[in-house]
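Everything below concerns the one structure shown next.
Every number here is computed from the coordinates shown, using simple stated rules; none is lab data. Not measured: the values here are computed from a predicted model. So basically every Cβ, Gly included, is an ideal-geometry build from the backbone, and we count neighbours across all protein chains shown.
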Number of protein chains: 2
Amino acid sequence: MADVARRAGVSVATVSKVVNGRYGVAQATIDRVRQVIDQLGYEASLGAQSLRSHRTNVLGILVAEFEPFSTELLKGASHAAEGTEYQLLAWSGGNRGTRVGWERRSLARLSGSIIDGAVLVTPTVVQAPQGFHVVAVDPHAGPTGMPTVDSDNFAGAVLATQHLLSLGHRRIGFLGGRPDLESARLREAGFRHAMSEAGVKVDERFVRVGGYRPETAEGPARELLSRTRRPTAIFAANDLSAIATMEVAFSLGLTVPDDLSIIGFDNVPESALATVPLTTITQPLQRMGYEALRLLIDLIEGVDRDTHVRLPTQLVRRASTRAI
Amino acid sequence: MADVARRAGVSVATVSKVVNGRYGVAQATIDRVRQVIDQLGYEASLGAQSLRSHRTNVLGILVAEFEPFSTELLKGASHAAEGTEYQLLAWSGGNRGTRVGWERRSLARLSGSIIDGAVLVTPTVVQAPQGFHVVAVDPHAGPTGMPTVDSDNFAGAVLATQHLLSLGHRRIGFLGGRPDLESARLREAGFRHAMSEAGVKVDERFVRVGGYRPETAEGPARELLSRTRRPTAIFAANDLSAIATMEVAFSLGLTVPDDLSIIGFDNVPESALATVPLTTITQPLQRMGYEALRLLIDLIEGVDRDTHVRLPTQLVRRASTRAI
DNA sequence: ATCGGTGTCGATAACGTTTGCGAAACGAGC
DNA sequence: GCTCGTTTCGCAAACGTTATCGACACCGAT
């Protein structure tokens with residue numbers, strides 16, 4: 001900035017004013033400074049900016065891990081940042097190997113300095129530092145007052161279950177998600193609600209807890225399918241689990257959907273490409289990322305708006321379910 | 001830091017020394033300061049650190065877009081950062097809608113201040129600012145001296161072509177990638193090399209340029225498959241294009257692999273899940289991300305080592321190719 | 001001629017760190 | 001008791017910005 005000032009024959013204060021579009025500098029000076037800036041390829045130092053003004057126009061998005069689910073959110077969020085004056089920075093908490101509390105530490109390091117706010121896509125929600133804005137996506141906790149974006153997990157689960165019921169299935173298995181996640185809780189609740197509303201009793205031996213990951217789903221899926229009197233349909237709490245279930249079914253010599261109907265949840269891109277394209281409940285993941293970042297920006301800019309966004313879910317029929 | 005200093009009864013200078021493990025502070029003082037730090041949850045301000053010492057221990061990885069390919073790289077890179085003192089920040093250049101040169105600007109903004117070095121996963125490679133370390137993955141340019149990590153695209157393409165040839169195919173189509181990418185160039189070169197070495201003449205009408213993306217692959221694929229005398233096999237320059245080609249084939253009433261063999265390149269996770277699981281050339285994407293970050297760290301720390309890493313490719317046979 | 005208003009600019013303090021250097025304290029050796 | 005080396009610590013400057021405030025020039029009106 002000192003260089004720019006010297007070459008343009010003005011003071012650094014004036015350069016700063018030009019860069020930030022402040023009032024009180026002559027048009028001729030503005031043009032001159034702008035030209036020198038372009039010529040030198042000058043970019044303001046984020047560090048110094050943050051240090052002085054506590055404002056950087058950089059936002060963060062923290063994901064637990066880079067995988068399809070969060071990638072879709074990232075895509076949506078980065079799309080929302082486009083065209084605005086904000087830049088988006090993503091980082092992951094490293095693997096779950098690291099000790100608990102990493103979200104807080106990881107956030108503290110950046111929040112104090114470099115970023116003006118953050119979207120959290122992490123299993124456990126974390127207290128935001130003072131004067132720092134946070135939006136949680138699909139958060140762990142119940143209503144804490146923290147701004148959130150999620151999809152209607154309960155209604156989606158009802159949708160999925162009703163779909164299986166309408167196809168004539170009665171012996172329906174449920175493969176749950178991470179028990180500490182609100183979304184997993186709601187999906188199971190939706191399943192039970194739809195069952196009881198249809199007057200079908202839930203066979204508790206058909207309910208297993210997974211963990212949203214292929215590795216944690218395979219075991220429970222195998223249990224479910226190995227019993228002599230096995231379910232005719234399985235509702236898996238997310239697509240990755242559903243696909244894992246499908247593979248277990250294949251390995252047991254079952255065909256899908258003839259021997260077993262499977263329905264998932266999430267509609268990640270992979271599910272459409274599965275060996276048997278997966279019937280599932282779609283969450284508008286990209287849109288959730290988009291909305292989360294919009295909400296964050298509005299929060300920072302002091303816009304008065306609803307701080308809870310719930311997006312609708314929808315059934316997408318593909319080939320993995322059929323009438324009994 | 002001032003708070004910490006006050007509560008510990010020392011000066012800020014001493015706190016700084018404790019945090020950075022500098023020599024010259026008594027063990028008793030260290031313990032006292034550490035305790036206060038934990039108690040207050042103090043984290044140093046990145047901005048101030050960067051401003052003063054030009055060193056933050058934060059590394060960046062810039063991807064053109066968040067999609068499966070870069071997600072795998074991100075996963076590998078973040079894995080490499082784990083356990084080190086470095087933290088990894090990812091960001092994308094927004095969509096290709098933005099004007100050219102965004103890599104340079106985007107990089108300049110962060111490189112000057114917040115990050116010590118960066119891994120670039122972008123189509124066009126960009127000149128690194130002075131004293132700033134950069135590693136390019138699968139870069140555009142030829143050998144520019146810039147440190148790079150890539151896979152052996154040429155050998156991989158030869159592998160793919162030989163596979164098709166060994167299955168008896170002679171009328172082989174080639175669906176290229178983005179012409180401005182080195183990897184795309186090398187894959188076509190490998191294809192041609194393997195063909196000529198086998199004494200098979202390349203039918204230029206069977207060679208089409210795509211663009212690595214499903215949208216840009218569909219048109220050329222349709223051209224290739226709509227001719228009356230169509231190829232019996234297609235080598236697509238990446239998996240996304242191969243999958244798109246597969247879908248075009250289906251829409252034309254062709255079955256894979258009976259009517260048409262298809263082989264891809266990359267082995268993204270989706271390819272194993274394709275309607276007909278895709279035979280492809282695997283690049284160790286996660287490992288490439290891992291190696292790129294390791295290389296970057298070594299560069300920063302002044303380790304004397306080879307600055308070009310080339311990883312092997314391998315044929316993975318799945319169901320989308322068969323003997324003629 | 002004086003005055004007030006307006007438009008334009010620069011000097012300067014502050015943000016939270018790191019680091020070189022000097023000061024103080026302490027113990028050992030004579 | 002004095003010197004000298006060693007250990008431990010704090011002072012203060014610097015990093016690149018931004019914001020406040022005062023200086024100055026110019027103009028029109030009195």
Please specify each residue of region A:24-37 satisfying the condition of being more than 10 Å from DNA strand D (Cβ to nearest atom) and either within 14 Å of chain B (Cβ to nearest Cβ) or not acidic (Asp, Glu) (or both). A:25, A:26, A:27, A:28, A:29, A:30, A:32, A:33, A:34, A:35, A:36, A:37
Report yes if residue B:40 is surrounded by fewer than 17 Cβ atoms within 10 Å (Cβ to Cβ), hydrophobic (A, V, I, L, M, F, W, C), away from DNA strand D (no atom under 12 Å from the Cβ) and more than 22 Å from residue B:109 (Cα to Cα), otherwise no. yes
Candidate set: region A:11-32, residues that are more than 7 Å from DNA strand C (Cβ to nearest atom) and of a type in the set (S, T, N, Q); chosen: the one surrounded by the most Cβ atoms within 10 Å (Cβ to Cβ): A:16
Selection from region B:54-89 of residues under 15 Å from the mean Cα position of the chain (by Cα), at the interface with chain A (Cβ under 9 Å from one of its Cβ atoms) and either more than 17 Å from residue B:290 (Cα to Cα) or basic (Lys, Arg) (or both) yields B:65, B:66, B:67, B:75
State all residues of region B:148-164 that are buried (at least 24 other Cβ atoms within 10 Å of the Cβ) and either touching a helix residue (DSSP H, G or I) at 6+ places or on another chain (Cβ under 8 Å) or within 25 Å of residue A:91 (Cα to Cα) (or both); if no residue qualifies, say none. B:149, B:151, B:153, B:156, B:157, B:160, B:161
With region A:1-111 as the region, which helices (runs of 4 or more DSSP H) entirely inside it contain at least 1 residues that are farther than 29 Å from residue A:268 by Cβ? A:2-8, A:12-20, A:27-40, A:46-53, A:102-111
Condition (residue is aromatic (Phe, Trp, Tyr) and either within 16 Å of DNA strand C (Cβ to nearest atom) or surrounded by fewer than 21 Cβ atoms within 10 Å (Cβ to Cβ) (or both)) applied to region A:68-75: is it met by at least one residue? no
Among (1) within 15 Å of DNA strand C (Cβ to nearest atom); (2) surrounded by fewer than 17 Cβ atoms within 10 Å (Cβ to Cβ); (3) within 9 Å of another protein chain (Cβ to nearest Cβ) - the single one residue B:51 does not satisfy: (2)
Listed by range, helices (runs of 4 or more DSSP H) wholly within region B:206-324 having at least 3 residues that are in contact with a strand residue (DSSP E or B) (Cβ under 7 Å, 6 or more places away or on another chain) are B:214-226, B:239-251, B:285-300
The residue that is nearest to the other protein chains (Cβ to nearest Cβ), considering only those in region B:1-22 that are among the polar types (S, T, N, Q) and within 11 Å of DNA strand D (Cβ to nearest atom), is B:16
Restricting to region B:45-64, name every residue that is within 13 Å of DNA strand D (Cβ to nearest atom) and in contact with a helix residue (DSSP H, G or I) (Cβ under 8 Å, 6 or more places away or on another chain). B:45, B:46, B:47, B:48, B:49, B:50, B:51, B:55, B:56
Here are some conditions: (1) under 18 Å from the mean Cα position of the chain (by Cα); (2) within 16 Å of DNA strand D (Cβ to nearest atom); (3) facing chain A (nearest Cβ under 7 Å). Residue B:92 meets all but one. Which one does it not meet? (2)
